[in-house]
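Participant: Below is one structure. I have some questions about it.
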Amino acid sequence: MDQMQWKMKSKIGPLYLVATKNGLMGVFWSQHSSPLQKTLLGNEPQLKVLSKAVTEIEEYLEGDRKKFDLKLDLNGTPFQMKVWQQLAKIPYGETVSYLEIAKMLKSPKAARAVGTANGKNPLCIIIPCHRVIATNGSMGGYSGGLLIKSKLLKLEGIL
């Protein structure tokens, strides 16, 4: 079996982590179609990825980690991959707008497309899409809901 899933209990609610032998491929707010594991004990590379992801997310949520050091197994369109690469560069405790990301990609008219790609980010928290806000300074949207987005921004000292 290539993909494995772990249901992680966290202070912001349950997170469903999905890994392949190549790395973490998803952090979701609801259960994914991959098989749910009963334990993280074992020698399979997927279990090692999941275990490390749990540790790093817990450290982040406690305010003890500012950057993630996980192998990722990302899949998306070429445009989505470019957007996600830009999201990954947003420093802890800072925000950028959809328009700013579009400009970084040298596509200033692509702010809506950036927003769409941002919403399809499969690695919320790890690739910090919660740090993206609307040009007018409002929070914009978030796959986990605005309450969780505001909690993450407060954790990072932004709100």
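Participant: Would you mind checking Lys21/Lys154; Lys89/Lys149; Lys38/Lys151; Lys120/Lys149 for any pair whose Cα atoms are more than 22 angstrom apart? Present the calculation step by step, with values, prior to reporting the outcome.
Facilitator: Numbers: Lys21/Lys154 34 Å; Lys89/Lys149 18 Å; Lys38/Lys151 29 Å; Lys120/Lys149 15 Å.
Long pairs (Cα-Cα over 22 Å): Lys21/Lys154; Lys38/Lys151.
Participant: To the nearest 10 Å², what's Asp2's accessible area with a 1.4 Å probe?
Facilitator: 80
Participant: Name the most mobile residue of Lys66, Lys106, Lys149, meaning the one with the largest mean-square fluctuation, in a Gaussian network model of the chain with Cα contacts below 10 Å.
Facilitator: Lys106
Participant: Which distance in Å, rounded to a whole number, links the C-alpha centroids of the stretch 4-66 and the stretch 81-129?
Facilitator: The two parts, judged by their Cα centres, are 23 Å apart.
Participant: Where does each of His130, His32 land when they are ordered by accessible area, with a 1.4 Å probe and the largest first? Please list the in-between numbers first.
Facilitator: Details: His130 0, His32 55 Å².
Of His130, His32, the descending order of accessible area is His32, His130.
Participant: With all protein chains present, calculate the accessible area of Ser33 using a 1.4 Å probe and round the result to the nearest 10 Å².
Facilitator: 110
Participant: Here's a follow-up. Three principal axis extents, largest first, for the C-alpha atoms of the stretch 1-89, in Å?
Facilitator: Answer, in whole Å and largest first: 35, 32, 23 Å.
Participant: Here's another thing I want to ask about it. Keeping all protein chains in position, work out how much accessible area Glu56 exposes to a 1.4 Å probe, and write it in Å² to the nearest 10.
Facilitator: 10
The values are calculated or read from the model by the stated rules, or taken from the named source; none is laboratory data. Note that this is a predicted model, so its numbers are computed, not measured. Side chains included, ligands, DNA and RNA excluded: accessible areas come from the protein's heavy atoms. Shrake-Rupley method; radii C 1.70, N 1.55, O 1.52, S 1.80 Å.
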